[in-house]
Structure formats: C-alpha cells, structure tokens
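Before any comments, here is the structure.
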C-alpha cells in the first residue's frame, strides 16, 4: 500500500525523533568509549583520535568536486570561535570522565541550555524574562546539588562539566548565527579540521603507543563522532528542532544505563535529584521560549 501524503507527514516527525534518540545512544557510546580509554591514555590523545578519525571519515565520504564548496565560508571568524568552543567543551568533558561517573558528568553538563539562554542576551540581542532567569538559577542550583561544594565530597573535576556546559552553550550560539550563511556540512568540516590540527600539534607530547584494542577503540570513537552528527542532521531534516529539543534529555537516561552496565556506577540521590532539577529547568526554558516565539 502506498502511504498517503498525510501518513508521510505524520511519519516524518516520528522518524526524526527516532533518529534523535539514536544520536543520543551513539553519543553515550562514544563517551563510554572515551571514559574507558581514559584509564590508559591521556585525554589529549583520546581527543586526537576522535577529531582525527572524524576528519578522515568526513574527507573519505566527501566527493572531490565538493571540497571547494565545503571549505568556502562566509563567516570564517565565527567558524573559528564555534570550532574552538566545541573543542574546549569536549576537553573539559573528557577530563571530567577521567575522574567522575559518566551520569554525573552528563547531568552537570546538561546545564548548557541554561547557558544558551543567558548568552542569548549579550550575543544574540534576545530578551529573557524573569521566569526564564529564575529557571536558569534553579538549574544551576541543581548542578550545585550534584557537585556539593563544601560538603567534603567535592572534587575539582566536578567543575569541568560546567566548563563543558559554558563552551557548548557558546558553540550553540555560534551555530545559530553561522547557520544563516554556511551549510551544516561546512560547519562539520571546520569543526573536525580545527580540532585535528590543534591536537596533531599537541599529541606528540602526550603520546602513548596503543595496542591493537586501543587502536580499535579509538577508531570506534571516531566512527561514533561522525555517526552521531549524521543522525542529528538526519533528524533535523525530517523534524523541526523545536520538536526534537526535549528528546535530547534522553541522553541522561542512556548515560545512567551505560554508567551502571559498563562501569558499575550507581547514581546517588544527589545526582538523581540534581539531574531532575536540571532537566525540569531546561525543559521549562525550552517551552517558555516556544511560547514567547508564538506570541511574537
């Protein structure tokens, strides 16, 4: 039976959501591999593998006649800031994974939607009402519940996911602006190229020769990086970002499952409560922004 246009229209949002959920699962798999590699290798070397293999895969999948089009950008400075921001964000997150459970690092880093809200005022000229500012403060309070500074269980590495959130928020702001003039493929290329360039300059000072399994896991890390990006692009091509945004929080569920299944980490009550507060705050900001967009 040939589906009607109405059936196809109904299917597209569902398909996009499924691609978004698959992307979350792939990114959790990638972060789990990175955490496992951190037991044997320096963070710089793990990042080198992610970005270098990501660039190699991207170059292999790009037709030679498309290279000139992809490297042409109308916002070189913005592409640099965007690519540098995601590189620093990844560095902070991988450092955190070396010391704290995946679910804990993920929960704290998911304050990034609140960072986007805060940065949208000076960088995008948007207006943020008192309710959304309160949601930002509540979300940061949720992060403090997880970190618990001053209660004898604080470790400096717990601050690194806050760095992840800040720079990922900046990355998102830059992505919004650069998407007006450059294609997603161009942005992907610049992200991979800058990270690979910087890390290839630094990694010789932190190099530890991997064995066969080490190389294999590094290859998997690179595959997951580009596969996750592809799934997000595919999801966005089928379903509006406004519909997909809440499903990004499924990453926290997958992170908790992976942390327990792979590393035996069981989130404590503070992590669970803090995660729920962060999620609720982020979703409130999201729905509030949608409401404001409809009113204007």
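The values are calculated or read from the model by the stated rules, or taken from the named source; none is laboratory data. Everything numeric in this text was worked out from a predicted model, so none of it was measured. Because the Cβ atoms are built from the backbone with ideal geometry, glycine has one as well, and the counts that use them run over all protein chains shown.
Things worth noting here:
- Residues satisfying the stated conditions in segment 261-276, i.e. closer than 18 Å to residue 100 by Cβ and touching a residue at least 12 places away in the same chain (Cβ under 8 Å): 262, 263, 265, 267, 270, 271, 273, 274, 275
- Test: residue in segment 57-70 that is within 22 Å of residue 172 (Cα to Cα) and at pLDDT 90 or above: no
- Residue 162 vs. criteria surrounded by fewer than 21 Cβ atoms within 10 Å (Cβ to Cβ), under 20 Å from the mean Cα position of the chain (by Cα), in contact (Cβ under 8 Å) with a residue 40 or more places away in the chain and more than 20 Å from residue 69 (Cα to Cα): yes
- Verdict on residue 85 being buried (at least 20 other Cβ atoms within 10 Å of the Cβ) and either at pLDDT 90 or above or in contact with a strand residue (DSSP E or B) (Cβ under 6 Å, 6 or more places away or on another chain) (or both): yes
- Flag if residue 199 is under 15 Å from the mean Cα position of the chain (by Cα), part of a helix (DSSP H, G or I) and surrounded by 17 or more Cβ atoms within 10 Å (Cβ to Cβ): no
Residue-by-condition table, conditions (1) within 19 Å of residue 37 (Cα to Cα); (2) surrounded by fewer than 17 Cβ atoms within 10 Å (Cβ to Cβ):
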position: 180; (1), (2): no, yes
position: 186; (1), (2): no, no
position: 189; (1), (2): no, no
position: 205; (1), (2): yes, yes
position: 209; (1), (2): yes, yes
position: 222; (1), (2): yes, no
position: 225; (1), (2): yes, no
position: 244; (1), (2): no, no
position: 265; (1), (2): yes, no
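- Helices (runs of 4 or more DSSP H) fully within segment 217-296 counting 3 or more residues that are farther than 30 Å from residue 189 by Cα, within 19 Å of the chain's Cα centre (by Cα) and modelled with pLDDT of 85 or more: 250-263, 269-295
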